[in-house]
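Values quoted throughout were computed directly from the atomic coordinates according to the rules given, and no laboratory measurement underlies them. It should be emphasised that the depicted structure is a prediction, and the values quoted were computed from it without experimental measurement. Positions of Cβ are backbone-derived with ideal geometry, glycine not excepted, and every protein chain shown enters the neighbour counts.
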Amino acid sequence: MAKVVIGLSGGVDSSVAAHLLKEQGHEVIGLFMKNWHDDTVTISDECPWLEDSNDAMLVADKLGIPFQTVDLSEQYKERIVNYMFDEYARGRTPNPDVLCNREIKFDVFMDIALDLGADFVATGHYCQKKTTTENGQTIHHLIAGADPGKDQSYFLCQVSQEQLAKTLFPIGHLQKSEVREVAASQDLITAGKKDSQGLCFIGKVRLPDFLQQQLQPKTGNIIEIPAHLSVSRMSELSTEDEVFSLSRKRTYLESEGTLKGQHQGAHYFTRGQRRGLNVGGTPEPLFIIETDVESNTIFVGQGKDHAGLYRRGLFIKPDEVHWIRTDLKLEVGETMPVMGRIRYRQQLEPATLYQRADGLYMVFDDPQSAISPGQFAAWYKDEECLGSGVIA
């Protein structure tokens, strides 16, 4: 049996994962990652990491496994928080959960675990791993979790073959309800604990409040764009290169729309957002269809079906393309039919990858709502996540 270090988060998923590993006969060590302790940005009196670390310690004690806390707050601030500030300042929308897995759990944390002599690192993610040998090469497959409502493979879309080789997902084959049943049967304190909400490891925060620590409020205009203009703008962008045309971002001018109100900073908002505009009086709700941090302008449209929200294509720069299945990596000029998603919990949608000299294009069969720069597009074959990239 192996020596396994598990990230005990203080939640039910990692608690049950640790129990299952112990039951299988592995030597298990529980580590709690303390990644944030600036309570000035939380919106409640809760101290999430303190409560979570205490629950993790009680679970470890109940299971009879060694437990310790590791402080990764410096690396978290440097790699996640600073990156988030920088991305929002540029008018992009980062995904801290994907970044946290890539930069912290499967990098810094994994290094600590391996230094402790671990054969594997385990997490409570709802995803699965399969290992095969093809043409004499060992290949690790990242497979979706068995519970479709909890599948977290999207959050791990930036892991590598080397990281997967050293990772175990003990609960990936279970339904969430089964995980809670196991926790209750073992009398684990986390059995009925609610799933965590908010930013990865930071807790419940109002994003604008969090961002205002470094991104200062700056008054700008909210401009409503009529749907017909978005349609005509799309045709204006069209070229003989359909893949390129479908992936281009629409741009608008303030003079093309109607002033609806003001906001406190375009960098606090993202495409598809409805809440937080504080503008009423329209027949249908206003949705953000585009932001411009240079002019500090937010462009909005009425209704969730507004043409400005939808686009079929997206582009990923060469240095932002990541293949989990490196053996399937496309060469320039090659294409691949895939199933794709641009956000967590989104249903997989049919798409085609086009690898070109300037980068990777992903074109969906049907228009997608709120394709946002900074987010991750992930592509799949059946239940397997093959790779991902940051939307440019």
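Quick notes on this structure:
- Unit Cα scatterers, Debye sum, the range 312-390: log10 I(q)/I(0) for q = 0.14, 0.15, 0.16, 0.20 Å⁻¹: -0.38, -0.44, -0.50, -0.81
- Placing one equal scatterer on every Cα of the chain and applying the Debye formula, the log10 ratio I(q)/I(0) at q = 0.08, 0.12, 0.14 Å⁻¹ is -0.47, -1.01, -1.27.
- Sorted by Cβ neighbour density within 10 Å, fewest at the top, the residues HIS141, HIS228: HIS228, HIS141
- Eigenvalues of the alpha-carbon gyration tensor of the range 47-97, scaled by 5 and square-rooted, set the equivalent ellipsoid semi-axes at 33, 11, 9 angstrom, largest first.
- Charging the Cβ of each Asp and Glu at -1 and of each Lys and Arg at +1, and nothing else, the dipole of the chain about its Cα centre rounds to 580 debye.
- For the range 248-392, the average shadow cast by the Cα convex hull is 9.6 nm², which is a quarter of the hull's surface.
- If you take the alpha carbon atoms of the range 85-205 and fit the smallest convex hull around them, that volume is 158 Å³ per residue.
- Neighbour counting of Cβ atoms within 10 Å sorts the residues TYR76, TYR361, fewest neighbours leading, into TYR361, TYR76.
- Over the range 20-139, the pair-distance histogram of Cα-Cα distances with 5 Å bins from zero comes to 2, 9, 15, 18, 20, 15, 10, 7, 4, 1, 0, 0 percent, rounded to whole numbers.
- Considering only the range 3-211, percent of DSSP beta bridges that pair antiparallel, nearest 5: 40 percent
- Over 20 Å [Cα-Cα, the range 3-211], rounded percent: 58 percent
- Proximal lysines relative to LYS34, as straight alpha-carbon distance under 20 Å, when same-chain residues fewer than 8 apart are discounted: LYS77, LYS105, LYS193, LYS194, LYS204
- Across the range 173-185, computed HN-Hα scalar couplings (Karplus, 6.51 cos²θ - 1.76 cosθ + 1.60, θ = phi - 60°) run 8, 9, 7, 4, 4, 5, 4, 5, 5, 4, 4, 5, 5 Hz from first to last residue, x flagging Gly and Pro.
- Using the alpha carbons alone, the radius of gyration of the range 220-309 stands to its Kirkwood radius in an Rg to Rh ratio of 0.97.
- Under the Karplus curve 6.51 cos²θ - 1.76 cosθ + 1.60, θ = phi - 60°, whole-Hz ³J(HN,Hα) for the range 245-257, x wherever Gly or Pro sits: 4, 5, 9, 7, 7, 7, 10, 10, 10, 4, 5, 8, x
- Per-residue ellipticity at 222 nm computed for the chain from its helices equals -6000 deg cm²/dmol, with DSSP H segments shorter than 4 residues left out and the rest contributing -39,500 (n - 2.57).
- Within the chain, percent of DSSP bridges classed antiparallel, to nearest 5: 75 percent
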